[in-house]
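Participant: The structure is given below, and queries will be raised subsequently.
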Amino acid sequence: MVNNPFSFDPAAWRRLHAGPLGPYIEPLARHLSEQGYAKASIYDKLRMVAKLSRWMARLPLDLAGLDEQQVAAFLQDLHQRRRRARRGDAATLRTLLEQLRERGVISAPPAASDPSALQRLKDDFACYLRRERGLADATLDNYLPVVEKFLSARFGDGPLELERLGIQDVTRFVLSHLRRLSPKRAQLSLSALRGFFRFLNQRGALVTDLASAVPTVANWRLSEVPKFIAPQQVEQLLLGCDQDRLVGQRDYTVLLLLARLGLRAGEVVHLQLDDIDWRVGLLHVRGKGGYRDALPLPVEVGEALAAYLRHGRPRCSTRRVFVRARAPYTGFASSVAIDSIVRRALKRAGLEPPRKGAHLLRHSLATGMLRGGASLAEIAQLLRHRRAQTTEIYAKVDPVALGALAQPWPGERP
């Protein structure tokens, strides 16, 4: 009698176990359940695996010989018989191969299934950024997509002929891809390119260091006033989250971390369950430059985190605090997800500030503190600025304090 932990129709459950993959149907079903898939989705995916199993039995194909090539042949045959492949079929079978390899049932991927040249280059660059430059994962989340976009724009699907890169490629990419970005975002993208070209030069892949060909952005320090919203608007933003819904509970907690503690988007993305010290009320944050900071956990934020972890966070294996709302339940891929949460919240609240990313709430926190009487040193401590000059920009949003410093115009009567 085949164990049926999901109470599927007994006859259908037995049919799923036909063929060489039969013994691995139940473990795969349990894995999909842990990833957060609904019962109907699990059954649908198991049916795809069962079709592969019957196809293997007809060939016949030994289970030990199953690999990406055989899966591709099966999908092509399936595509020809029903004229189109369903979305998600290939992903389901990739998951199957991963599970079989973890159990030692099939061998590791053959050389033909190694990561692409682009992926290998990205992995090497990420390793360089972590080990030699000491950059945090949140920074890598911003750098790597820029590098991938640059290489895709230059080489498309062709081979990566890095030795052919020249100044004209840098200029063309900057003009076509970065001109619509904000000055700050453009600065970050150009920093990513400079770091990438230095990495290639050190590896010997580039004879000329193209880092010097990357232009700078006219964005002088203290040249702008920080974009922020008023405290009452922040509260309006928070009230717009429907905490009776799981997504609303998650988004409310994310917004609280941004608005009350001034966390950066990347810091929220990489927050781990082990970073919350409930006993002493501290939140350990993985900040910029590899720094680890401990912040007091306000009661309001702690209660929201506890409610989300108890009732809103899906059961899953990842140690990330915040996970996707739909299966597979994994952590967010990058800080873009946090920016999207803020943009949706602003739209619900009917607010239209000039900037709509997660950093808006960090600026709003600092501005509210300054207008409430906090010193720049206190703001710098909460925002974890390493240099006092970084906090100086917030002095520009306090016209009363600035007015006291203003000198009379020459010749004007006092």
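No value in this document is a laboratory result; all are computed from the given coordinates. Here the structure is a predicted model, which means the values were calculated and not measured. Virtual Cβ from ideal backbone geometry, glycine too; neighbours counted across all protein chains shown.
Participant: Expected output is a single nm value to one decimal: the length gained when fully extending between Asp9 and Arg387, i.e. 0.36 nm times separation in residues minus the C-alpha distance. What is it? Before the final figure, lay out the partial values.
Facilitator: On the way: separation 378, 0.36 × 378 = 136.08 nm, distance 6.44 nm.
Result for the pair: 129.6 nm of gain on full extension.
Participant: Near Lys39, which lysines are there with a Cα under 29 Å away, not counting those fewer than 8 places off in the same chain?
Facilitator: Cross-link targets: Lys51.
Participant: Right, next: Given only helices, namely DSSP H runs of n ≥ 4 each adding -39500 (n - 2.57), what is the per-residue ellipticity at 222 nm of the chain, to the nearest 500 deg cm²/dmol?
Facilitator: Values: 18 runs with 217 residues, N = 414.
About -16500 deg cm²/dmol.
Participant: Another question about this same structure. Let me check against my output: what whole-number percent is the relative contact order of region 213-368, with C-alpha pairs under 8 Å and at least 6 apart?
Facilitator: Relative contact order comes out at 34 percent.
Participant: Is the chain best put as rounded, prolate or oblate by its Cα gyration tensor, with a ≥ b ≥ c the root eigenvalues, rounded for a/c under 1.5, and otherwise prolate when a/b is larger than b/c, oblate when not?
Facilitator: On the way: a/c = 2.70, a/b = 1.57, b/c = 1.72.
Here the chain falls in the oblate category.
Participant: Give the shape of region 117-213 as rounded, prolate or oblate, defined through the alpha-carbon gyration tensor: a ≥ b ≥ c are the square roots of its eigenvalues, a/c under 1.5 means rounded, and otherwise the shape is prolate if a/b is larger than b/c and oblate if not.
Facilitator: Cα axes put region 117-213 in the rounded bin.
Participant: Over the chain, what is the relative contact order in percent, taking alpha-carbon pairs closer than 8 angstrom and at least six residues apart? Walk me through the numbers on the way to the answer.
Facilitator: Numbers: 454 pairs, mean separation 61.7, N = 414.
Once normalised by length, the contact order is 15 percent.
Participant: Given R₀ = 56 Å, FRET efficiency for Leu160-Gln232 by Cβ-Cβ distance, to 0.05?
Facilitator: On the way: r = 52 Å, r/R0 = 0.93.
Using R0 = 56 Å, I get an efficiency of 0.60.
Participant: Along the Cα-to-Cβ line of His17, 7 Å from the Cα, sits a label point; which residues in region 42-79 have backbone N less than 15 Å from it?
Facilitator: Under 15 Å, as judged by backbone N against the label point of His17, lie 50 of region 42-79.
Participant: Name the residues whose placed amide hydrogens come within less than 5 Å of the amide hydrogen of Leu282, ignoring near sequence neighbours (fewer than 5 apart) on the same chain.
Facilitator: So Leu282 has HN proximity to Asp277, Leu297.
Participant: Which residue fluctuates most in the GNM of the chain (Cα springs below 10 Å): Leu78, Leu309, Leu21?
Facilitator: Leu78
Participant: Looking only at GluC sites (Glu not before Pro) in DSSP loops with at most 13 other Cβ atoms within 10 Å, what is the longest site-free stretch of the chain?
Facilitator: On the way: sites that count: Glu132, Glu161, Glu224, Glu412.
No qualifying site falls inside 225-411, the longest such stretch.
Participant: So if R0 is 41 Å, what FRET efficiency would Arg101 and Arg371 give, r being the distance between their Cβ atoms, rounded to the nearest 0.05?
Facilitator: 0.10
Participant: Right, here's the next one. Test of the criteria: in region 138-198, which trypsin sites (Lys or Arg not before Pro) are in a DSSP loop and have at most 14 other Cβ atoms within 10 angstrom of their Cβ? Before the final figure, lay out each step's value.
Facilitator: Working: sites: Lys149, Arg154, Arg164, Arg172, Arg179, Arg180, Lys184, Arg185, Arg194, Arg198; in loops: Arg179, Arg180.
Answer by residue number: Arg179, Arg180.
Participant: Right, another one. Can you compute the FRET efficiency between Ser340 and Ser191 using 1/(1 + (r/R0)^6), with r the Cβ-Cβ distance and R0 = 25 Å? Round to the nearest 0.05.
Facilitator: Numbers: r = 23 Å, r/R0 = 0.92.
Taking R0 as 25 Å, the efficiency between Ser340 and Ser191 is 0.60.
Participant: Given H placed 1.01 Å from N in the peptide plane, which residues other than close sequence neighbours of Thr330 have an amide H under 5 Å from its amide H?
Facilitator: Arg324
Participant: Applying the Karplus parametrisation 6.51 cos²θ - 1.76 cosθ + 1.60 with θ = phi - 60° to the phi angles of region 121-127, what ³J(HN,Hα) value in whole Hz is obtained for each residue in order, glycine and proline being reported as x?
Facilitator: Rounded to whole hertz, the list is 5, 4, 5, 5, 5, 4, 4.
Participant: Here's something else I'd like to know. Name the longest site-free stretch of the chain, where the excluded sites are chymotrypsin sites (Phe, Trp or Tyr not before Pro) in a DSSP loop with no more than 12 other beta-carbon atoms within 10 Å. It would help to have the intermediate numbers written out before the result.
Facilitator: Values: sites that count: Trp220, Trp278, Tyr291.
Answer - 1-219.
Participant: Full-extension gain between His177 and Asn201, please, as 0.36 nm times their residue separation minus the C-alpha to C-alpha distance.
Facilitator: Details: separation 24, 0.36 × 24 = 8.64 nm, distance 2.34 nm.
The span from His177 to Asn201 would gain 6.3 nm if fully extended.
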